Every structure is written in C-alpha cells, then in structure tokens.
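Take a look at the structure set out below.
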Amino acid sequence: MISFEQYAKSFEGTVSALDVAANEETIRQIFRLRDEKNAIILGHNYMPPMIYGLSEESARGDSLLLAQVAAQTSSDVIVLNGVRFMAETAKILNPGKRVLIASKQAGCSLADPIRANEVKQIREEYPGAPVVTYINSYADVKAESDYCCTSANALRVVRHVREEFGTDTVIFLPDTLMGKNLQVELDALKSGIDLIYPGKKNTLMEGSCMVHEQFTANDLKGIRQEYDIPKGGQRRAVLAHWECPPDVIEEADFHGSTTQMMGYVREHKLEKAYLATECEMAANLQQQLPCVEFVRACLVFCPHMQQITLKGILHALETGDEDLHEVNVDEDIRVRALAPIERMISIS
Ligand code: 13P
Ligand code: SF4
C-alpha cells in the first residue's frame, strides 16, 4: 500500500511540494481510513495527479481496467475516483462490497441523457438487432442491452456481436461520434456491419462527450504546426480519444482508449506528444514519463471528473454517507446489467 512518504516522493519535479504539504493532513487521513476500512482506491486516468497518486499503479487506468479490478478485489470497500457510472459498474460487478464516490453528482454527458426507455425505443425501431452499450451509461441502460463495451474493446465487441447474432445491423449506444468513428473502421475492414447509433436512421437524440466534442481538426493542425509534430512523424505524435469527432480522429496519428493512448506514448518511445483528451491525463503521464514533452493546451477539463476532490474522498471514507457517497443498484437491475458486462469481459 502506498504510504504518504511514497506518495509525496512520486511527485518530485511535477506537483509542487507546497501543494502536497498544504494537503498533507487530508491525504494522511485518507490513507489511514483506507487501511482501517480495508479499502481499495481506484483512479481513472482523468483524475488530477494528486488524486490519481492515491491509487496503487495496478488500480489506475481506463474504464475497462477499473471494472476488471473492481470485479476481482477482495477489499471490503471500493473508493472509485472517477464518475458515477464507473462506481455503479463496480457495484454491479462486486455487489458484496461497499462502493463509495467522492460525489454522486459526478455525472457524464454521454450517460445522463439516455435511459432504459431510449433503449426500448430503438429496439422497437430495429427489432432483432443486438444492442451494444458503451460503459458510459447507467445500470438501467445496461440492463436493457446485450453487450457492454468500453473504448478499449468497442470494435472487437461489435464484430463479435455480429457473428454471435448473425446480423449486419448492430445498435450502438449512446455516443454518436464514437459510433461514426466505429463505422469508419468497420467499413475499412469491409465488415458489412451497419452500425445504428443515436441520430443515424432512428429517432434518438444524438449523444456526445462534452469534452471530446470540443476538439477540431484545425486545432490539431495548429498544434502540429506550433509544436513541430508532423503527421506520421517518427517520435512525435498527436493522439486522440475515440470520443472525438471523425475529422479529429483522421487528423490524429493514433486513436484509442485512455490507457491505449498512454501505451502508445510508451511503446513508440515518443519524445513529444499531444493528447486530444481530458487534460489531466497528460499531467499524469508527464509524471510517469518525465523525458517526454507533453504539449498541454488545457481548455478541456471534464466538469464531472472535477467533482472528485481530496476533501470529498476523505468525507466518503469517514462517513460512507448513503445520500452523498454510497453507490447502490437495485438488485433486479443489477443482475440484468451484469450479464452484458460479463459478456464483454469474457471476450476482452
Ligand atoms: P476510457 O474508457 O478510455 O477510460 O474513457 C472513459 C471516458 O470517460 C472517456 O471520456
Ligand atoms: Fe463523460 Fe466525457 Fe467526462 Fe468522460 S470526459 S466522463 S465521457 S463527460
């Protein structure tokens, strides 16, 4: 388990010692309660460094990894430093554990507008077509779905579903931009799959991530020019998350989930990188890879992720307050939501 001393040392040269010192008491209390309550602290890649650093390395990552770690943990309490749908997924997978989040208000612009009724609506429009739901969704939506997916495995899941169900029409919810990006790749692979996502040949409202929809291809071109990152260059690259608009994906040298983007920077031994995604991820990577120059044009923070604060985490561990912090899922919905997540994990 990380101690306060190891935590403070891990920031040398990145987060100022003053910031760590100003929060020392809170952080020490978080670690003390973590140990007393036998808690595991999971951290999404978009957490700011001082929160990300609370998690062991094996408990930091993308939505897929957090779900996998939550499913397997033997700790009594799971503290999920990420947004509410991630905490809900942890509860669905490991219902015997107490799942806490610093703020239950931490939503997601993809998950919030679509609920079970929307899934039923599109099923009526496409009878017999399987539904693949992105993990950025709530339990009632997952409960109405055939498969879940994350940005790390969406392409594989969609192609698997087509084989399993023997149909070319596959419904993908709720991210319109990611749906478009997946369709481009499926076409390039000559898959024959017609992916139906919100806004394409159906009555559902388009859905998108309020962070990633902001990037434009021109932004990326400007960054390439200003910071000398040529397209297809050797050890310099622009990377984008799957949730960005299609022309941004086309302009990027690589696209993937948050962890896949991190892996690309490492594997290609990049010397300079720009990540078209939530800005804190570059801050976390900078700490792990001090030799890489990360261009940080930080216009884009996720306001939902930002609701997770050190004080909130401490309050969650101290009180376990049901209204503010504890995440529970109705048992009937949980059991139905578990099936598509387990199907996803079994093929990941
Ligand atoms: P990842 O699954 O890639 O971590 O993405 C989650 C997310 O919320 C992206 O905006
Ligand atoms: Fe949702 Fe976008 Fe925030 Fe991720 S970054 S939690 S997709 S609003």
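The values are calculated or read from the model by the stated rules, or taken from the named source; none is laboratory data. The shown structure was predicted, so the numbers you read here are calculated from the model rather than taken from an experiment. For neighbour counting, all protein chains shown are included, and Cβ atoms are generated from backbone atoms with ideal geometry for every residue, glycine included. Only protein heavy atoms, including side chains, enter the accessible area calculation; ligands, DNA and RNA are left aside. Shrake-Rupley method; radii C 1.70, N 1.55, O 1.52, S 1.80 Å.
A few points about this structure:
- Amide H within-cut-off set for D194, under 5 Å, with H built and near neighbours excluded: T169, V170
- Inter-label distance, nm, simple model (7 Å from Cα along the C-beta direction), I347/E331: 3.1 nm
- Against the criterion of solvent-accessible heavy-atom surface with a 1.4 angstrom probe, Y126, Y134 sort, most first, into Y126, Y134.
- Cα gyration tensor shape of segment 1-123, rounded if a/c is under 1.5, else prolate or oblate by comparing a/b with b/c: prolate
- Within segment 256-284: backbone nitrogen closer than 19 Å to the R235 label point (7 Å, Cα to C-beta): 262-275
- Percent accessible area from carbon and sulfur atoms, segment 98-172, protein chains only, probe 1.4 Å: 42 percent
- Each listed q (0.16, 0.18, 0.24, 0.26 Å⁻¹) maps to a log10 I(q)/I(0) for segment 9-81, found by the Debye formula over equal Cα scatterers with no solvent: -0.59, -0.73, -1.12, -1.22.
- Spherically averaged projected area in nm², based on the convex hull that wraps the Cα atoms of segment 179-249: 5.9 nm²
- The alpha carbon convex hull volume per residue for segment 66-126 rounds to 103 Å³.
- For segment 48-178: Kirkwood Rh in Å [reciprocal of mean 1/r, alpha carbons]: 15.7 Å
- Taking all protein chains together and rolling a 1.4 Å probe, R115 ends up with roughly 90 Å² accessible.
- Hydrophobic long helices, here whole DSSP H runs in the chain with Kyte-Doolittle means of at least -0.5 and Cα atoms spread over 20 Å or more along the helix axis, are found at 331-346.
- Point-to-point label distance, K311-K269, nm (Cα→Cβ direction, 7 Å offset): 4.6 nm
- Distance (nanometres) between label positions extended 7 Å along Cα→Cβ at E250 and E5: 5.6 nm
- Electrostatic bookkeeping for V327 treats Lys and Arg as +1 and Asp and Glu as -1; over the other residues with beta carbon under 10 Å from its beta carbon, the sum is +1.
- Dipole magnitude for the chain: computed about the Cα centre from +1 point charges on Lys and Arg Cβ and -1 point charges on Asp and Glu Cβ, it is near 500 debye.
- Sequence-distant lysines (8 or more away, or on other chains) whose Cα lies within less than 16 Å of K190: K180
- Residues Y227 and Q72, FRET efficiency given R0 of 51 Å [Cβ-Cβ distance, rounded to 0.05]: 0.80
- Accessible area of M1 (1.4 Å probe, protein heavy atoms only, ligands and nucleic acids ignored): about 140 Å².
- Volume in Å³ per residue [convex hull over Cα atoms, computed for segment 145-187]: 72 Å³
- For the chain, accessible area per residue (1.4 Å probe, heavy atoms of protein chains only), Å²: 42 Å²
- Segment 263-348 shape via C-alpha gyration tensor axes, a/c threshold 1.5: oblate
- Alpha-carbon gyration tensor eigenvalues x 5, square-rooted, for the chain, Å: 32, 28, 15
- Set against the 2.2 N^0.38 Å expectation for a compact globular protein, segment 96-239 has a Cα radius of gyration ratio of 1.20.
- Charged neighbours of F31, selected by a Cβ distance under 12 Å, balance to -2 (K, R count +1; D, E count -1).
- Stokes-Einstein translational diffusion, segment 209-309 - Kirkwood Rh over all Cα pairs, 1.306 mPa s, 10 °C, in µm²/s: 118 µm²/s
- For a straight C-alpha distance cut-off of 23 angstrom, the lysines reachable from K104 (same-chain residues fewer than eight places away being disregarded) are K37, K91, K142, K311.
- Among beta bridges that DSSP assigns inside the chain, antiparallel share in %, nearest 5: 5 percent
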